[in-house]
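So the structure is just underneath, and the comments pick up after that.
The values are calculated or read from the model by the stated rules, or taken from the named source; none is laboratory data. Fair warning: this is a prediction, and the values are worked out from it, not measured in the lab. We place every Cβ from the backbone using ideal geometry, glycine too, and count neighbours over all the protein chains shown. Calculation scope for accessible area: heavy atoms of the full protein, side chains included, ligands and nucleic acids excluded. Shrake-Rupley method; radii C 1.70, N 1.55, O 1.52, S 1.80 Å.
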Amino acid sequence: KVIKMAFWSVDLNLRNQQFDARLSGCTANTIILSQWVLTCCNVGDSRCILGTMDIKGHNLWKEWAFNGVHSFSEKERKEHWRCISLSKDHKPTVETEKHWIQQSGGRVIAVTDPSTGQQIGPHWVWLKDIDIPGLAMTWSFGDEIVRQIGVICDPEIWEIELEE
């Protein structure tokens with residue numbers, strides 16, 4: 001509840017600035033670390049990835065644990081590093097996101113080259129009858145004009161329990 005209120009406060013603060021936030025906004029990815037719990041809060045298409053090194057049970061672990069420093073070779077890094085995605089992008093090409101925008105009265109389409117009829121660029125969020133704003137995400141801060149067609153600033157929140 002507190003995290004959501006903080007994100008709403010950021011959005012409200014953007015609306016009270018001297019610049020025009022009707023057709024501009026931003027994304028955010030926030031990490032909160034408390035003891036052994038990592039909380040990832042995401043709005044938009046910013047990406048958060050956790051890099052971990054799986055060296056427990058190897059000689060590398062003992063050397064790192066006792067000396068605190070180890071220069072890992074390229075081979076060691078490839079064998080022991082892994083990446084874990086902590087967030088997901090809020091894109092209009094995600095079927096549930098697209099459906100939500102369409103149910104709220106918006107459109108999700110890519111720009112078409114008038115000379116070739118070919119799609120160019122990503123799918124964007126548009127108002128029903130006007131080709132604005134052309135937003136390439138479905139959640140954001142600011143971007144006031146698309147609030148009416150389902151774009152939100154509520155953070156999506158994941159909690160991950162960390163291991164030693």
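When the residues of the range 121-164 are filtered to those that are among the β-branched types (Val, Ile, Thr) and in a strand (DSSP E or B), the one that is farthest from GLY44 (Cα to Cα) is ILE160.
Condition check ((1) free of Cβ contacts under 8 Å to residues at least 24 places away in the same chain; (2) surrounded by fewer than 18 Cβ atoms within 10 Å (Cβ to Cβ)) across all residues:
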{"site": "SER115", "(1), (2)": "yes, yes"}
{"site": "PRO122", "(1), (2)": "no, yes"}
{"site": "ASP131", "(1), (2)": "yes, yes"}
{"site": "ILE149", "(1), (2)": "no, no"}
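Whether any residue in the range 53-63 is at pLDDT 75 or above and loosely packed, with under 10 Cβ neighbours inside 10 Å is what I want to check. Checked against the condition, which is being at pLDDT 75 or above and loosely packed, with under 10 Cβ neighbours inside 10 Å, the range 53-63 yields no hits at all. Here's a check for you: in the range 97-113, which residue that is hydrophobic (A, V, I, L, M, F, W, C) and part of a strand (DSSP E or B) is most open to solvent (accessible area, probe 1.4 Å)? Here the residue is ILE109. Every test in (1) modelled with pLDDT under 90; (2) of a type in the set (Ser, Thr, Tyr); (3) touching an Asp or Glu at 6+ places or on another chain (Cβ under 8 Å) is passed by THR39 save one, and that test is (1).
Among the residues of the range 73-96, count how many are at pLDDT 90 or above and assigned to a loop (DSSP other than H, G, I, E, B). The number of residues fulfilling the criteria is 9.
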